[in-house]
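The values are calculated or read from the model by the stated rules, or taken from the named source; none is laboratory data. Predicted, not measured: the structure shown is a model, and the values here were computed from it. Here the Cβ is made from the backbone with ideal geometry for all residues, glycine too, and neighbour counts use every protein chain on show.
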Amino acid sequence: MSRNCMKDLNPIVVDNGSGTIKAGFAGDGQPSTIFPTIIGRLCHSTMVPEISHKDQYIGDEAIKTKEILSIHHPIEHGIITNWDDMEKIWHHTFYNELHILPEQHPVLFSEAPLNPKANREKMAQILFENFNIPAMYVAMQSVLSFYASGRIAGLVLEIGDGVSHTVPIYQGYALSHATNRLDLAGRDLTDFMIRLLAERGYALTTTAEREIVRDMKEKLAYVALDFEQELTTVNCSNNIDKNYELPDGQRITIC
């Protein structure tokens, strides 16, 4: 494709996160779509014959029907581990969320720091061969967020769903040799909350129940700005207790 033709194409930006995908058109003030990076398949197709013809449910649709699905995350700790599922999610992003033909748009993809080169090559292969995109660029998530702040030097602390990073940036470039990676992030906090609930007698073990705990964490949990003061408050008051209603109507008190 000639450069003149490329100028007429509106680029697509896809932030490919472990927990959430954000996608939209370059130049827009906000993403056109935001949905969970998950794919769900029926646990027992005979239980719901009226919808058994669907092979998978993606994103928000999977969340809405999570009680009958087995939920899968194609990205673990910032790295794509299931390429078939990831390709299905990209297809859903282009055709169902953005309503575009990918062969008509260059694509900017984000990736986590220290992403293996083999993953980047596999991503390019799928996008060029299966989606026929005209051009693509892969950029580090922390660098893109730094550009958005209008700065060229500083330190980015990024805590996502699957991985956390500290990335020093100088003159707009990430210093890879000084980048630190920690495979501890939001999904691990969900696991920790599942264990705490199990100790109190609430067995939430299926992938659907895991999504319930994630929702519980996001709605009720918070970061303690003063840890010692929080401990004092917990020991002296019950005012911080919060209730969460499960899909079956049962209420759980979080304290």
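Looking at region 226-255 only, could you name the residues that are free of Cβ contacts under 8 Å to residues at least 12 places away in the same chain and among the polar types (S, T, N, Q)?
Of everything in region 226-255, those that are free of Cβ contacts under 8 Å to residues at least 12 places away in the same chain and among the polar types (S, T, N, Q) turn out to be GLN229, THR232, THR233, ASN235, SER237, ASN239, ASN243, GLN250.
When the residues of region 23-41 are filtered to those that are small (Gly, Ala, Ser) and part of a strand (DSSP E or B), which remaining residue is farthest from HIS77 (Cα to Cα)?
Going through the qualifying residues, I end up with GLY24.
With (1) buried (at least 18 other Cβ atoms within 10 Å of the Cβ); (2) modelled with pLDDT under 90; (3) not acidic (Asp, Glu) as the list, and LEU114 as the residue in question, which single condition is left unmet?
Here LEU114 meets the rest and fails (1).
I'm told ALA185 meets every condition in (1) touching a strand residue (DSSP E or B) at 6+ places or on another chain (Cβ under 8 Å); (2) modelled with pLDDT under 90 except one. Can you identify the failing condition by its number?
Of (1) touching a strand residue (DSSP E or B) at 6+ places or on another chain (Cβ under 8 Å); (2) modelled with pLDDT under 90, only one is false for ALA185: (2).
State which residue pairs qualify: first residue touching a residue at least 60 places away in the same chain (Cβ under 8 Å) and within 18 Å of PHE35 (Cβ to Cβ) and inside region 206-219, second residue charged (D, E, K, R) and crowded, with 20+ Cβ neighbours inside 10 Å in any location, beta carbons under 7 Å apart, and separation of 6 or more residues or different chains.
Final answer for the pair search is ALA208/LYS66; GLU211/LYS66.
On the given criteria, is ILE152 surrounded by 11 or more Cβ atoms within 10 Å (Cβ to Cβ) and more than 15 Å from ASN16 (Cα to Cα)?
It is true that ILE152 is surrounded by 11 or more Cβ atoms within 10 Å (Cβ to Cβ) and more than 15 Å from ASN16 (Cα to Cα).
Can you name the condition, by its number, that ASN119 falls short on among (1) at pLDDT 95 or above; (2) surrounded by 15 or more Cβ atoms within 10 Å (Cβ to Cβ)?
Of everything listed in (1) at pLDDT 95 or above; (2) surrounded by 15 or more Cβ atoms within 10 Å (Cβ to Cβ), ASN119 misses just condition (1).
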